[in-house]
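Written out below as C-alpha cells is the structure these notes cover.
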Amino acid sequence: LMSLLGRLFCYLPVGTIAFRLTLACAVQAALAAAAVGLITRRLVASAAQTSSPASLTTHVACAVATLTAGWSYALLLQAVRTEVYALNALCTLAAAYTLLESGERGDRRYLLAAALITGLGLCNHHLLMLLAVPGALLYLLLGWRRGAPLGGLHKRTAVGVLLAGLLGLTVLAYLPLRAA
C-alpha cells in the first residue's frame with residue numbers, strides 16, 4: 001500500500017523523488033493527527049451524551065488531542081522518514097474512527113468502511129494492524145449498538161465485513177502482478 005501511495009506522490013511536480021516520498025509520509029502523519037481529533041470529538045460527544053459536537057469543550061478537547069498527537073515525538077519522527085509507520089497510524093486510527101461512527105450511528109456502512117480500511121492496513125504493515133484487531137472485535141462484541149446481542153451483527157453483515165476486508169487485501173495482488 002505504501003508503494004502504491006508513494007507512486008502517486010511521485011507524480012507531483014515538486015522536489016526530488018525522495019522529497020515526494022517523504023512528503024507522502026508527512027501528509028499521512030498529519031491525517032493521522034487529524035484522525036485523533038475526530039476520535040476525540042466522537043468520544044467527548046458520546047460521554048456528554050449529546051448529538052451535537054459543537055460545544056466549546058469538544059472543540060478544546062479536539063484541538064488539544066490533535067496538537068498533542070501531531071507534535072508527539074513518535075509521529076513527528078515518522079512524518080519525516082520514508083517508512084510505513086505514518087500510514088500504519090493513519091490506517092489504524094481511520095479504522096477506529098469509522099468503527100466508533102458505526103457504533104454511534106448504528107450504520108453498517110461505517111462498519112464496512114472500517115473492515116475495508118483494516119484490509120488496506122494489513123497490506124501496509126500486517127503485524128501492527130493485527131494488534132488493533134482484538135480491540136475492534138471486543139468493541140463489536142460488547143459495545144456496538146449498545147444492548148444488541150453480539151453487537152447486533154447478523155450473518156449478512158458479518159459476510160459483508162469479511163468481503164470488505166478481503167477487498168482491502170486485494171492490494172496484495174499487486175505484488176505478484178508487478179513481479180511478473
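The values are calculated or read from the model by the stated rules, or taken from the named source; none is laboratory data. The shown structure was predicted, so the numbers you read here are calculated from the model rather than taken from an experiment. Here the Cβ positions follow ideal geometry from the backbone for every residue, glycine too, while neighbour counts run over all protein chains shown. Heavy atoms of the whole protein, side chains included, go into the accessibility calculation; ligands, DNA and RNA do not. Shrake-Rupley method; radii C 1.70, N 1.55, O 1.52, S 1.80 Å.
Treat each spin label as a single point 7 Å out from the Cα along the C-beta direction, and report the LEU141 to LEU175 distance in nm. Here the answer is 2.9 nm between the modelled labels.
Once the Cα-Cα distance is subtracted from the 0.36 nm per residue extended length, the THR68 to LEU162 segment shows a gain of 30.4 nm.
The trypsin sites (Lys or Arg not before Pro) of the range 1-105 meeting both criteria, a DSSP state outside H, G, I, E and B (loop) and at most 15 other C-beta atoms within 10 angstrom of the site's C-beta, are ARG81. In this Cβ point-charge picture (+1 for Lys and Arg, -1 for Asp and Glu), the range 1-138 has a dipole of about 160 debye about its Cα centre. Helical content alone sets the calculated 222 nm signal of the chain at -25000 deg cm²/dmol, taking -39,500 (n - 2.57) per DSSP H segment of four or more residues and averaging over every residue. 3J(HN,Hα) along the range 124-138: 8, 8, 5, 5, 5, 5, 5, 5, 7, 5, x, x, 5, 5, 4 Hz, from the Karplus curve 6.51 cos²θ - 1.76 cosθ + 1.60 with θ = phi - 60°, whole Hz, x for Gly and Pro.
Taken one residue at a time, the phi angles of the range 21-27 give Karplus couplings (6.51, -1.76, 1.60, θ = phi - 60°) of 5, 5, 4, 4, 5, 5, 5 Hz. Gly and Pro are set to x. The slack between ALA18 and HIS154, meaning 0.36 nm per residue of separation minus the straight C-alpha distance, is 44.3 nm. With a Förster radius of 41 Å applied to the C-beta separation of LEU56 and ARG109, the computed FRET efficiency comes to 0.85. Could you tell me what percent of the accessible area of the range 1-130 is made up of carbon and sulfur, with a 1.4 Å probe and every protein chain present? In the range 1-130, the share of accessible area belonging to carbon and sulfur is 71 percent. With the Cα gyration tensor of the range 18-149 giving a ≥ b ≥ c as the square roots of its eigenvalues, does the rule (a/c under 1.5 for rounded; else a/b larger than b/c for prolate; else oblate) give rounded, prolate or oblate? Because a/c hits 1.5 or more and a/b fails to exceed b/c, the range 18-149 counts as oblate. Neighbours of LEU21, meaning other residues whose beta-carbon lies under 11 angstrom from its beta-carbon, give a summed charge of +2 when Lys and Arg score +1 and Asp and Glu score -1.
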